[in-house]
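S.K.: This is the structure I want to talk about, given as structure tokens.
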Amino acid sequence: MDFDLFLSDSSTSRHFSSTIPDVTRQEPCMLGVDEAGRGPVLGPMVYGICFCPLSEETRLKSLKFADSKTLKESERENLFEEIDGEASDFLGWMVEVISPNVICNNMLRRSKYNLNFVSHDSAIGLIQKTLEKGVNVKEVYVDTVGDPSKYEAKLSSIFPDIKVTVAKKADSTFPIVSAASICAKVYRDAILKKWKFVEKIDVEENSWGSGYPGDPVTKKFLTDQLDHVFGYPQLVRFSWSTASKIIEDKAAAVEWENVEDDDTEPSRTQNLLSFFKRSPTKRARKEVDVPHQFFTDRCLHRLTTF
């Protein structure tokens, strides 16, 4: 698996995919959708899809896919190798690695954009990208997020020419969804293990655990790696209550300045002294334009518009 592009800049989301089997462009296909990493406080959420011709259903079942959560790590990795190896003549896959940064920024937006919306948009985007690559998708099976009937109606309205089935536990019912689940889980686990801290903090390899809030190793990581001013590195979903509570209890308190409402009439009178302000020297301009290394290491940028 090659995911260095994501690890080199984990502040944005990335797509990774197999080559498209020729047969999937020629024959009607089924496509399954599932995710891994919805609940953890650490690391990305990964959405995955798998697709193959309807005529290959018997061969698909013979691979004995199952919900990734019921399999050992070694079993998942072996099955992914088979998906990407011997079965690649009829089975294709694609994943979207959704950055913790993207998840948190979306969830903390003023306008409501929760994890369900992030999940829906990822699934829709993966299906759309598969269609754009020429895959002849006729049936889609999705492990539900939220109400199955509403989600199914939403997808059916976007893809009216495709038969859409959204169900609870679809990863245990439909082998094509189980295959998607395995792709998503294997990618998430591999990225979490090899995470690169752009903040250049001193962390022992694999000292952050599984990323789930109940994991003692993860709990210790959250306690040890809290910066009392800047909070957490990008690995942490700081919008999760597990992380935000630690920040609230142990980090420095921040007092935000009240901002006037947008409809407040701005003052039309300029201060006379504003016409006589000295222009900054070249040296001063350089100091202003070049941020301190502390901010560069932590991917902090100056904003001039909001």
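The values are calculated or read from the model by the stated rules, or taken from the named source; none is laboratory data. Since the structure is predicted, the reported quantities are computational estimates derived from the model, not experimental observations. Cβ placement follows ideal geometry from the backbone for every residue including glycine, while neighbour counts extend to all protein chains displayed. All accessible areas refer to the heavy atoms of the entire protein, side chains included, with ligands and DNA or RNA removed. Shrake-Rupley method; radii C 1.70, N 1.55, O 1.52, S 1.80 Å.
S.K.: Rounded to the nearest whole Å², what accessible area per residue is found for region 1-92 with the 1.4 Å probe?
M.R.: Value for region 1-92: 45 Å² per residue.
S.K.: For the peptides 93-102, 232-241, what is the packing order when you average, over each peptide's residues, the other Cβ atoms within 10 Å and list the highest mean first?
M.R.: Descending packing order for the listed peptides: 93-102, 232-241.
S.K.: Report relative contact order for region 70-189 in percent, whole number only (criteria: Cα-Cα under 8 Å, sequence separation at least 6).
M.R.: RCO, region 70-189: 27 percent.
S.K.: Let me ask you something else. Leaving out ligands, DNA and RNA, what percent of the accessible area of region 95-210 is carbon and sulfur, probe 1.4 Å?
M.R.: Carbon and sulfur together cover 48 percent of it.
S.K.: Follow-up question, since we're still on this one. Beyond 19 Å, how much of the Cα-Cα pair distribution for region 71-131 remains, as a whole percent?
M.R.: Summing the P(r) tail past 19 Å for region 71-131 gives 53 percent.
S.K.: Taking 2.2 N^0.38 Å as the expected size of a compact globular protein, what ratio does the Cα radius of gyration of region 78-228 give against it, to two decimals?
M.R.: Cα Rg divided by the expected 2.2 N^0.38 Å: 1.23.
S.K.: So what is the accessible area of region 97-163 per residue, in Å², with the probe set to 1.4 Å?
M.R.: Solvent-accessible surface per residue comes out at 49 Å².
S.K.: Here's something else I'd like to know. So what's the net charge close to residue 170: Lys and Arg +1, Asp and Glu -1, counting the other residues with Cβ under 10 Å from its Cβ?
M.R.: -2
S.K.: Can I ask one more? Per q in 0.13 1/Å, what log10 I(q)/I(0) does a Debye calculation on the alpha-carbon atoms of region 11-159 return?
M.R.: The computed values of log10 I(q)/I(0) come out as -0.62.
S.K.: Follow-up. What dipole magnitude, in Debye to the nearest 20, does region 1-136 give about its Cα centre under +1 on Lys/Arg Cβ and -1 on Asp/Glu Cβ?
M.R.: Dipole of region 1-136, to the nearest 20 debye: 780 debye.
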